[in-house]
1. For the stretch 1-14, how many residues meet the condition of being surrounded by 15 or more Cβ atoms within 10 Å (Cβ to Cβ) and under 16 Å from the mean Cα position of the chain (by Cα)?
2. Does the stretch 42-53 contain at least one residue that is in a loop (DSSP other than H, G, I, E, B), free of Cβ contacts under 8 Å to residues at least 60 places away in the same chain and either open to solvent by less than 50 Å² (accessible area, probe 1.4 Å) or under 14 Å from Cys113 (Cα atoms) (or both)?
3. Which residue is nearest to Ile12 (Cα to Cα), if the candidates are limited to the stretch 85-97 and must be open to solvent by less than 60 Å² (accessible area, probe 1.4 Å) and out of contact with any Pro (no Cβ under 6 Å at 6 or more places or on another chain)?
4. Suppose the filter is more than 26 Å from Asn181 (Cβ to Cβ) and not in a loop (DSSP other than H, G, I, E, B); does Ala76 pass it?
5. What is the number of the single condition among (1) open to solvent by less than 20 Å² (accessible area, probe 1.4 Å); (2) under 22 Å from Phe147 (Cα atoms); (3) touching a residue at least 40 places away in the same chain (Cβ under 8 Å) that Val65 does not meet?
6. Does Ser162 qualify as being open to solvent by less than 70 Å² (accessible area, probe 1.4 Å), free of Cβ contacts under 8 Å to residues at least 60 places away in the same chain and of a type in the set (Gly, Ala, Ser)?
7. Go through the stretch 150-159 and give me each residue that's farther than 18 Å from Glu73 by Cβ and either basic (Lys, Arg) or surrounded by 21 or more Cβ atoms within 10 Å (Cβ to Cβ) (or both).
8. Go through the stretch 70-84 and give me each residue that's of a type outside the set (Ser, Thr, Tyr), within 21 Å of Lys16 (Cα to Cα) and open to solvent by 10 Å² or more (accessible area, probe 1.4 Å).
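The values are calculated or read from the model by the stated rules, or taken from the named source; none is laboratory data. Not measured: the values here are computed from a predicted model. Don't worry about glycine lacking a Cβ; one is built from the backbone with ideal geometry, like all the others, and counts go over all protein chains shown. Note: areas computed on protein heavy atoms with side chains; ligands, DNA, RNA excluded. Shrake-Rupley method; radii C 1.70, N 1.55, O 1.52, S 1.80 Å.
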Amino acid sequence: MSSTNPNMINFITGNKNKLAETRAILGDVVQLSNQNIEILEIQGSLEEIARDKCQKAALAVNGPVLTEDSALEFRALKGLPGPYIKCFYSALGNDGLHKLLAAYDDKVATAVCTFAFSAGPGSEPLLFQGRTQGKIVPKRGEGGFGFDPIFEVDGQTYAEMSITHKNMVSERSKALEKLQNWLRNTV
């Protein structure tokens, strides 16, 4: 990793909620600094997007980076919006996302989180992915962010769950558990 502090990684995100969740789940395995760098995302699979974003971020900060990409795949829509959830959410909001499935009986969705780590410029990113299956429901709950109020797992939306419970069942926690195990064996 970095020659100055091998336990410090630049987490590239402008989302304070993702930063807080990531720090809470990773605990003391590694320290995360935070930088908000706008990176133009390519179109492609979630994995292609994650690798490209991580490579560009490593170049931008000239050091080790961690990036995160979220996806929300609706089974009835053959995986859409998928890695383009940010654009769909910005245009439609939670009510619009819920209405996308109005004509379908199948409300099953899979939330996917992909963390990518690069040791620095020129280093091939490593991917750590987690998936949580749930269903899309009308908005419920006051907590969370993004699609949390419409994504239900085991009878509760993410927005209805405590942060502690969400951090135990979410796709982000599953991806970070893989990253955490890798870091413990590497750092």
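1. Residues flagged as surrounded by 15 or more Cβ atoms within 10 Å (Cβ to Cβ) and under 16 Å from the mean Cα position of the chain (by Cα) within the stretch 1-14 amount to 4.
2. Quick first cut of the stretch 42-53, residues in a loop (DSSP other than H, G, I, E, B) only: 42-45.
If we keep only those that are free of Cβ contacts under 8 Å to residues at least 60 places away in the same chain as well, we get 42-45.
Adding the requirement that they be either open to solvent by less than 50 Å² (accessible area, probe 1.4 Å) or under 14 Å from Cys113 (Cα atoms) (or both) leaves 44-45.
Yes, there is a match, as at least one residue in the stretch 42-53 is in a loop (DSSP other than H, G, I, E, B), free of Cβ contacts under 8 Å to residues at least 60 places away in the same chain and either open to solvent by less than 50 Å² (accessible area, probe 1.4 Å) or under 14 Å from Cys113 (Cα atoms) (or both).
3. Ile85
4. yes
5. Result: Val65 passes all but (2).
6. Here the answer is yes, as Ser162 does meet what is asked.
7. Hit for the stretch 150-159 is Ala159, nothing else.
8. Pro83
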